[in-house]
1. Within the stretch 376-400, can you find the residues that are outside any strand (DSSP E or B) and under 20 Å from residue 304 (Cα atoms)?
2. Among the residues of the stretch 308-335, what is the count of those that are surrounded by fewer than 21 Cβ atoms within 10 Å (Cβ to Cβ) and assigned to a loop (DSSP other than H, G, I, E, B)?
3. Can you name the helices (runs of 4 or more DSSP H) wholly within the stretch 99-183 that have at least 1 residues being surrounded by fewer than 19 Cβ atoms within 10 Å (Cβ to Cβ) and at pLDDT below 90?
4. For the stretch 497-514, give me the residue count where each residue is more than 16 Å from ligand 1 (Cβ to nearest atom) and touching a helix residue (DSSP H, G or I) at 6+ places or on another chain (Cβ under 9 Å).
5. Take residue 195 and tell me if it is touching a strand residue (DSSP E or B) at 6+ places or on another chain (Cβ under 6 Å) and closer than 29 Å to residue 530 by Cα.
6. Of the residues 405, 417, 439, which single one is modelled with pLDDT of 95 or more, part of a helix (DSSP H, G or I), over 21 Å from residue 367 (Cβ atoms) and within 30 Å of the chain's Cα centre (by Cα)?
7. Condition test on residue 325, is it touching a helix residue (DSSP H, G or I) at 6+ places or on another chain (Cβ under 6 Å) and at pLDDT 95 or above?
8. Looking at 102, 91, 70, which one is in contact (Cβ under 8 Å) with a residue 60 or more places away in the chain and more than 24 Å from residue 193 (Cβ to Cβ)?
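The values are calculated or read from the model by the stated rules, or taken from the named source; none is laboratory data. All values reported here derive from a predicted model rather than from experimental measurement. Note that each Cβ is placed from the backbone with ideal geometry, even for glycine, and that neighbours are counted across all protein chains shown.
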Ligand code: PEP
Ligand code: MG
C-alpha cells in the first residue's frame with residue numbers, strides 16, 4: 001500500500017511503525033455540574049502551570065544541550081504562551097464566574113485563543129500557532145487530570161512514529177537514538193513539527209490525510225521524506241530500490257558534509273564567501289556546522305519577539321558576545337533592529353500605521369526611539385572585542401541616513417569611552433540595499449560605507465509594488481524580473497567601483513537558479529539559511545545548476 005503526504009524533511013527511512021495515540025483535550029471546556037471550590041481550583045491550576053513551566057524549561061535546556069536550536073526556540077515560545085496573562089485571567093474568570101473545574105476552565109480559555117489563530121485562514125503560519133497554543137493547553141490539563149500519554153522517549157531501534165498529529169512537546173521527548181522518522185495525518189510544510197524534523201535530521205512526511213488508521217503497529221514502512229511517500233509492507237523489489245535510493249541519499253549527505261569544510265572557490269578561481277542568516281544565538285551552531293564563512297545577517301529583531309519586554313543592554317551584550325566568540329575570527333554582520341513592516345512588537349506600544357511596510361520601520365524607527373537604538377548599539381560595541389563584528393543598517397534610502405546612523409554610533413563610542421568601557425578599534429559599517437532608491441544611488445552610498453548587502457526580499461516587493469506576504473500578488477513577486485536584476489547589478493557594480501564588497505542576504509541568494517546569474521554579476525558574498533550552504537557550495541564549485549534567464553517566470 002502506498003500513501004502520500006507533504007514532504008517535510010528529506011531522506012529515506014526504512015523501519016517499523018509505532019502508532020502514537022494522542023490523548024488530546026483532557027478537559028472538556030464545559031461547565032461543571034455540581035459545586036466547586038474556586039480557590040482550590042485556582043490553586044490547582046497555578047500548581048499545574050508551575051509544573052509545566054519547569055518541564056518546558058527542562059526541555060529547552062535539553063534541546064540546547066543537543067544543539068537543537070529550532071526545538072529550543074519553539075519550546076521557549078510555549079513558555080510564553082503558558083505565561084500569557086490573557087489566557088490565565090480568562091481561565092480564572094471561568095473558574096470564579098462560571099464555576100468550572102480548573103481543567104475545563106483552562107481548556108475553554110485555550111480554545112478561545114486558539115480559535116482566533118485557527119481562523120486566520122489566509123495565514124498558514126498563524127494557523128500553525130493555534131497548534132502550539134493547544135499543545136500548551138493539553139500539557140496543563142493533562143497535569144490537572146493525571147491523564148498519561150504514551151512514552152516516546154524509549155522506543156526500539158529503527159522506529160517510525162505514525163500519528164494523527166505530533167505536537168512540538170511530543171517531538172521534544174522523542175527517542176533520538178532510535179526513532180528514524182515520522183509520518184502524521186495533519187500538519188503542513190511550515191508546521192513546527194516539520195521544522196523540528198529537519199533540525200533533528202529525521203525523515204518526515206506530514207499532512208497525509210487519513211493515513212494513520214490504515215497502518216498497524218509493527219508493520220514495515222518505507223518513508224520517503226523527499227517526495228512525501230509512505231509505503232506500507234513493501235514487496236522485495238520496492239524495498240531493494242528504496243535501499244539503493246537511501247544509499248544514494250546518504251552518500252550525497254556525506255559528500256555535502258565534507259564539502260562544508262572546504263573553501264568555496266569558483267572554477268575561475270574567485271573565492272566566494274558563503275554566509276549564514278541567523279535569528280538567534282542558538283542558530284550559530286548550525287551555521288558553524290554547515291561551514292559558514294561568516295554570519296551574513298543576524299536578524300536582531302527576533303530577540304525582541306515572543307516576550308513581554310525588550311532585552312536590556314546586558315542581555316543583548318551576552319547574546320552578541322556568544323555569537324562572536326562562537327564564530328572565532330570569522331565576521332559576524334549584525335543588522336540593527338528591523339522592527340516594523342510585518343514584524344510587530346506589541347509591548348513597545350508603537351502606533352498602528354496604514355502602510356507599515358512604507359512606514360516607520362527599521363532605521364527610521366530607531367531614529368524615532370533613540371533609547372531603543374542606543375541600548376542595542378552599546379551592547380554591540382561592548383561585545384565587539386570578542387570577535388569580528390560588522391554593523392549593518394537596514395532600510396537605508398539616503399546618504400543623510402547613513403551619516404546620522406554613523407554619528408549615532410560615534411556618540412555611543414564616546415559615551416562608552418567616557419565610562420572606561422572597551423570596544424574594537426575597527427568595526428566595519430555597512431548598509432542593506434533593499435529600497436530601490438538606494439540601489440539607484442548606490443554609486444553615491446558606496447562612498448559612505450564599508451560594504452553592501454542586498455536584501456532582495458524587500459527590494460523585490462518595493463520595486464514591483466507587490467507585498468512579499470500577500471498570496472494574491474505572489475505571482476507578481478518575482479525577483480527574476482528584469483527591473484530587480486538591473487538594480488542588483490547596479491548595486492554590485494557601484495560597490496566594486498568604490499572598492500567595497502557586495503553581499504546578498506535575501507532569499508534570492510540561496511536560490512539555485514539565481515546563483516549562476518549572481519556569480520556572473522560579481523556578487524562577493526551569498527548569505528542564506530545555514531542548511532542551504534553545502535548545496536549552494538556544490539553549485540558554485542561544480543556548476544551543477546542551469547542558469548535561469550531573466551524574467552521568464554516567477555519563483
Ligand atoms: C531582505 O529584505 O531581503 C532581508 C534580508 O531582510 P528581511 O527579510 O529581514 O526583511
Ligand atoms: Mg528586509
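1. Across the stretch 376-400, the qualifying residues are 376, 377, 378, 379, 380, 381, 382, 383, 394, 395.
2. 8
3. Output list reads 102-118, 124-145.
4. Within the stretch 497-514, residues that are more than 16 Å from ligand 1 (Cβ to nearest atom) and touching a helix residue (DSSP H, G or I) at 6+ places or on another chain (Cβ under 9 Å) number 6.
5. Answer is no for this residue.
6. 439
7. Yes: the conditions hold for residue 325.
8. 102
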